[in-house]
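What follows is a single structure, written as structure tokens, with notes after it.
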Amino acid sequence: FFVQGKKWSANIVGRFLTGEPYTPNTPFLIRSGLAASQRPLVNTARLPNRFTINLNLNKTFQIGKYELRSFLQIFNILDNRQVVGLYPDSGEPDSPLIVPDAAMPSFLNIPGNYAEPRRVQLGFNISL
């Protein structure tokens with residue numbers, strides 16, 4: 001969706017992604033009721049679907065002989081918690097089924113399993 005005036009513009013971009021495939025490993029299969037001998041083919045499980053909305057606003061000002069363009073960008077405006085990775089043994093982003101005895105707490109805290117939260121950027125461009 002895009003709207004434009006004489007010295008301003010705004011757009012909203014929505015994005016929907018179906019869950020990406022991944023290959024579950026044996027503990028996940030057993031928990032799902034499948035025996036190890038019935039191991040499915042590669043990439044038979046899927047991550048959750050994802051949906052995000054981004055907003056962009058622009059406004060131009062004339063200041064003497066300079067043109068100042070301000071912008072505001074908001075990514076993931078709804079601040080959705082979106083899963084982009086998971087532990088293949090559990091099929092969950094936060095909790096593996098198998099935890100090594102010597103595992104550090106950071107082993108269980110993988111922020112990369114989620115897309116970034118809402119991000120706001122505000123800026124200016126000056127043209128001569």
Solvent accessible area, Å² - V84, 1.4 Å probe, full protein context: 50 Å²
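Tell me the net charge near K6. Cut-off is 15 Å between Cβ atoms, K6 excluded, with +1 for each Lys or Arg and -1 for each Asp or Glu. All intermediate terms of the calculation are to be shown ahead of the outcome.
Numbers: positive: K7, K59, R69; negative: E67.
Residues close to K6 contribute a combined charge of +2.
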Residues listed by number, the stretch 51-75, amide nitrogen under 15 Å from K7 label point at 7 Å toward C-beta: 58-71
For K59, give me every one of the aspartates and glutamates with a C-alpha distance below 13 angstrom, ignoring sequence neighbours fewer than eight places off in its own chain. E67
Taking the Cβ of L72 as the centre, find all other residues whose Cβ is under 12 Å away and add up their charges (Lys, Arg: +1; Asp, Glu: -1). +3
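Please compute the net charge surrounding L122, taking Lys and Arg as +1 and Asp and Glu as -1 over other residues with Cβ under 14 Å from its Cβ.
Numbers: positive: K59, R69, R118, R119; negative: none.
Summing Lys/Arg as +1 and Asp/Glu as -1 gives +4.
Hey, with R₀ at 25 Å, roughly what FRET efficiency would L57 and L128 work out to, going by the Cβ-Cβ distance, to 0.05? Display every interim value, and only then the final one.
Details: r = 24 Å, r/R0 = 0.94.
Efficiency computed from Cβ-Cβ geometry: 0.60.
The values are calculated or read from the model by the stated rules, or taken from the named source; none is laboratory data. This structure is a prediction, so every number in the text was calculated from the model and none was measured. Every residue, glycine among them, receives a Cβ derived from its backbone with ideal geometry; neighbour counts consider all protein chains shown. Note: accessible area is taken over every heavy atom of the protein model, side chains too, but ligands, DNA and RNA are not part of it. Shrake-Rupley method; radii C 1.70, N 1.55, O 1.52, S 1.80 Å.
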